[in-house]
């Protein structure tokens, strides 16, 4: 066992915020969540004890994700990471799904690229995110509430083959730091983390590696950071 804590990069992209590097380079286990696997790949060593979430929505290079590369570039990087680290350590993460913008068939096509685990989450319509969409000339009237309708989310979930879901009300939730992750990273699972969202379910092994407040420079419209 290298450590009973698992570092994670939830609050910033690891290609932009490098606070995670000392943790990983010291051999400690980590889960790196990135929207730019192509930029992350050169920063890693095959010996790193990590799990990588490759967040690919199909919107890279559009006004919604203006500084993310084209999805074809990131999908190729996902496959490259699978070859380096093994498919059991690389997760295809489709987050957020925007059902009123992209059809389920398009997300199914993206998910078909997966070599292993697939995780999804749906757009949370924060007021500041809605304002950004409006400023970009994108109509958000199809989602008047914070969450898309459960019936819509359920349909997408079924069409995608019941993948792992991150904290969606009404759908079964699989934590970002769960027992399976502990097994892969070689640590003993702790009890659930206190003070988290009720649907999160992450274990107490979880510790944030990017404790910063500024919004990421990638400028995605749906970002929860103000």
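Taken together, the values in this text are just the output of simple stated rules run on the coordinates, not laboratory data. Please read these numbers as outputs of a predicted model, since none were measured by experiment. Virtual Cβ from ideal backbone geometry, glycine too; neighbours counted across all protein chains shown.
Out of the residues in region 57-107 that are within 25 Å of residue 183 (Cβ to Cβ) and out of contact with any strand residue (DSSP E or B) (no Cβ under 6 Å at 6 or more places or on another chain), which is surrounded by the most Cβ atoms within 10 Å (Cβ to Cβ)?
Result: 85.
When you scan region 167-189, do you find a residue that is closer than 22 Å to residue 68 by Cβ and assigned to a loop (DSSP other than H, G, I, E, B), even just one?
yes
Report whether or not residue 185 is surrounded by 19 or more Cβ atoms within 10 Å (Cβ to Cβ), in contact (Cβ under 8 Å) with a residue 40 or more places away in the chain and under 17 Å from residue 8 (Cβ atoms).
When the stated conditions are applied, residue 185 passes them.
Results for (1) closer than 19 Å to residue 166 by Cβ; (2) under 15 Å from the mean Cα position of the chain (by Cα); (3) not in a loop (DSSP other than H, G, I, E, B), shown as yes or no for each residue.
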| residue | (1), (2), (3) |
| --- | --- |
| 4 | no, no, no |
| 10 | yes, yes, no |
| 32 | yes, yes, yes |
| 42 | no, no, yes |
| 69 | no, no, no |
| 75 | no, yes, yes |
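Kindly establish whether residue 152 is surrounded by 14 or more Cβ atoms within 10 Å (Cβ to Cβ), in a helix (DSSP H, G or I), touching a strand residue (DSSP E or B) at 6+ places or on another chain (Cβ under 9 Å) and in contact (Cβ under 8 Å) with a residue 12 or more places away in the chain.
Here the answer is yes, as residue 152 does meet what is asked.
Mind listing whichever residues of region 131-149 are part of a helix (DSSP H, G or I) and either buried (at least 18 other Cβ atoms within 10 Å of the Cβ) or in contact with a strand residue (DSSP E or B) (Cβ under 7 Å, 6 or more places away or on another chain) (or both)?
132, 133
Only one of (1) touching a strand residue (DSSP E or B) at 6+ places or on another chain (Cβ under 9 Å); (2) surrounded by fewer than 20 Cβ atoms within 10 Å (Cβ to Cβ) fails for residue 46. Which number is that?
In the conditions (1) touching a strand residue (DSSP E or B) at 6+ places or on another chain (Cβ under 9 Å); (2) surrounded by fewer than 20 Cβ atoms within 10 Å (Cβ to Cβ), residue 46 misses (1) alone.
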